[in-house]
Structure formats: C-alpha cells, structure tokens
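The values are calculated or read from the model by the stated rules, or taken from the named source; none is laboratory data. Please read all numbers here as calculations on a predicted model, not as lab measurements. Positions of Cβ are generated from backbone atoms using ideal geometry, with glycine treated the same way; all protein chains shown enter the neighbour counts.
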Amino acid sequence: MIDKSAIRNAATIIVLRDRATAPKVLMGQRGAKAVFMPSMFVFPGGAMDKGDADVPLAGPLPDLCATRIAEGCEDDLSHALSVAAIRELWEETGQILGTKADWPGTPAEDWTEFAATGHIPDATNLQFVFRAITPPGRPRRFDARFFLTDAETLQTDPDDFSRAQDELSLLQWIPLEQVREFDLPFITEVVLAEVAQRAADPTPPESVPFFSNNDENRAFTRLKGMIRRGERAD
C-alpha cells in the first residue's frame with residue numbers, strides 16, 4: 001500500500017517549441033545541493049501549494065484532461081494542479097502562461113509579481129500527458145502530473161529568463177534529438193519518449209500513462225478518464 005501522507009501532489013510543465021519543424025523542450029538544471037534530483041536537468045515543476053486551489057484561472061483545464069486527472073482521485077485537483085504548473089513555470093523560468101486581464105481582488109503573496117504583469121493564469125492550453133509517483137526510498141515523494149503546452153501560448157519572450165528565480169540554472173531550449181545527452185532523471189526520460197511520439201500531433205492522447213509506484217511493485221496503467229453516470233466505456 002502507498003503511504004499517501006508521505007506523498008505530495010505536484011505539477012510539472014513541459015513547454016514544447018517549434019513542434020512542427022525542430023521540436024525543443026524548456027529545461028533547467030537543479031542545484032548540486034538540492035535534496036531531490038541534485039544536478040539533474042528537469043522540466044519546471046514542484047509541489048502543489050495549499051493556496052493554489054484559490055487562485056483564479058482565466059480559463060480552466062480542458063474537460064478531457066480534467067476527467068483523466070480525476071480518475072482514481074478522491075478530490076478534484078484539476079484546478080489546483082493547473083495553477084501549480086503555471087506558478088512553477090513562472091517562478092522557475094519567468095515565463096507567463098496566462099491571459100491579459102486585471103486580477104480580481106488582491107493576489108496571494110506568491111502571485112503578486114505575476115499579477116503585476118497584468119495577467120491571470122490560464123489553463124486552457126494545458127494538456128495532461130503523464131502521471132507518475134516517485135518510487136519508495138527517495139528523500140521526497142511526489143504524485144506528479146505532467147502538463148504539455150506549446151511555446152506559442154506563452155505571453156512572454158521565450159528566450160527571456162530574466163524574471164526567473166534561482167531554483168533552476170542553465171535554462172535553455174533543448175532539441176528533442178539531443179536531450180538524452182543531458183543528465184536526466186529516469187522518469188524524465190520516460191516522459192520525453194512520450195512527448196517525442198506526440199510532437200507531431202497536438203490533439204490529446206487516447207490515454208495518459210500512469211506509473212503508480214507503490215511499496216510492492218512498479219505498476220503501469222493508462223488513464224482514460226472517469227466514466228460519468230449513464231455513459232459507457234469504449
């Protein structure tokens with residue numbers, strides 16, 4: 001059985017650039033002294049914060065993606081996880097995924113600088129593509145949902161990382177054909193293989209891979225989405 005109390009929900013965002021011609025992904029290197037995945041090249045991402053559920057979205061995650069996130073979960077986390085992905089992208093790269101609009105009310109402290117740019121986070125262009133739970137025995141464990149979006153949906157210059165915080169260094173757009181030359185976590189390599197297969201197809205996948213690492217084995221399933229009452233599974 002999985003000790004859920006030891007696992008934090010998390011969101012990771014994969015930004016794909018030049019999808020149709022020479023696809024590249026945005027990655028950075030974690031610090032050598034980081035507790036989790038030191039010195040590894042990773043996508044922007046991190047744990048979901050308690051306040052993420054209260055942050056406004058200009059547009060929600062697409063319904064299909066939301067139902068797949070809900071599969072096997074007690075709570076509806078689609079809003080909070082979408083917000084977490086956009087927040088982590090902003091904090092770690094300085095890139096904005098949002099819509100130009102005034103922030104309703106007073107933003108939370110984590111969102112003050114984002115709101116000052118005149119944007120509200122927007123999950124409309126996020127696509128849920130992967131889920132994985134960190135294996136047992138690691139210093140930290142996460143139930144991570146991976147989201148994909150195109151660089152064309154960013155509201156900022158994709159080559160400008162001047163607003164990024166210091167969590168990732170060497171931020172860069174890495175060609176998919178070269179990315180395995182970098183020091184990558186195992187799960188990142190698996191996710192990249194999925195992204196490479198789908199780079200030419202912007203439509204949602206038929207199902208989403210899920211590595212549900214528990215204390216006994218490494219199980220692999222695919223998420224197709226919750227079946228609502230009155231509907232039939234294909």
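What do you reckon, is Leu168 over 29 Å from Asp76 (Cβ atoms) and in contact with a helix residue (DSSP H, G or I) (Cβ under 6 Å, 6 or more places away or on another chain)?
For Leu168, the condition - over 29 Å from Asp76 (Cβ atoms) and in contact with a helix residue (DSSP H, G or I) (Cβ under 6 Å, 6 or more places away or on another chain) - is met.
Residue-wise test of (1) under 17 Å from Asn9 (Cβ atoms); (2) touching a strand residue (DSSP E or B) at 6+ places or on another chain (Cβ under 7 Å); (3) not aromatic (Phe, Trp, Tyr).
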| position | (1), (2), (3) |
| --- | --- |
| Ala58 | no, yes, yes |
| Leu64 | no, no, yes |
| Arg68 | yes, yes, yes |
| Glu74 | yes, no, yes |
| Leu77 | yes, yes, yes |
| Ala80 | yes, no, yes |
| Ala85 | yes, yes, yes |
| Trp90 | no, no, no |
| Thr93 | no, yes, yes |
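Hey, could you check region 180-234 for residues that are of a type in the set (A, V, I, L, M) and assigned to a loop (DSSP other than H, G, I, E, B) and say which is modelled with the highest pLDDT?
So the residue we want is Leu184.
Are any residues in region 124-134 buried (at least 21 other Cβ atoms within 10 Å of the Cβ) and either assigned to a loop (DSSP other than H, G, I, E, B) or of a type outside the set (A, V, I, L, M) (or both), and if so, which ones?
If the condition is that a residue be buried (at least 21 other Cβ atoms within 10 Å of the Cβ) and either assigned to a loop (DSSP other than H, G, I, E, B) or of a type outside the set (A, V, I, L, M) (or both), then Leu126, Gln127, Phe128, Phe130, Arg131, Thr134 are the ones that fit.
Find all pairs meeting these conditions: Cβ atoms under 6 angstrom apart; at least six residues apart or on different chains; first residue within region 104-123 and touching a residue at least 40 places away in the same chain (Cβ under 8 Å) and outside any helix (DSSP H, G or I); second residue surrounded by fewer than 16 Cβ atoms within 10 Å (Cβ to Cβ) and of a type in the set (A, V, I, L, M).
Pairs found: Ile120/Ala58; Ile120/Ala101; Asp122/Ala58.
For the subset of region 14-58 comprising residues that are more than 16 Å from the chain's Cα centre (by Cα) and of a type in the set (Asp, Glu), which member is nearest to Trp111 (Cα to Cα)?
Out of the qualifying residues, it is Asp54.
Restricting region 135-153 to residues that are of a type in the set (A, V, I, L, M, F, W, C) and touching a Lys or Arg at 6+ places or on another chain (Cβ under 9 Å), which is surrounded by the most Cβ atoms within 10 Å (Cβ to Cβ)?
Leu148
Is it true that Asp75 is part of a loop (DSSP other than H, G, I, E, B), over 17 Å from the mean Cα position of the chain (by Cα), among the acidic types (Asp, Glu) and more than 24 Å from Ile133 (Cα to Cα)?
Judged against the criteria, Asp75 is not a match.
Since Asp49 meets every condition but one in (1) over 27 Å from Pro175 (Cα atoms); (2) buried (at least 24 other Cβ atoms within 10 Å of the Cβ), which condition does it not meet?
In the conditions (1) over 27 Å from Pro175 (Cα atoms); (2) buried (at least 24 other Cβ atoms within 10 Å of the Cβ), Asp49 misses (2) alone.
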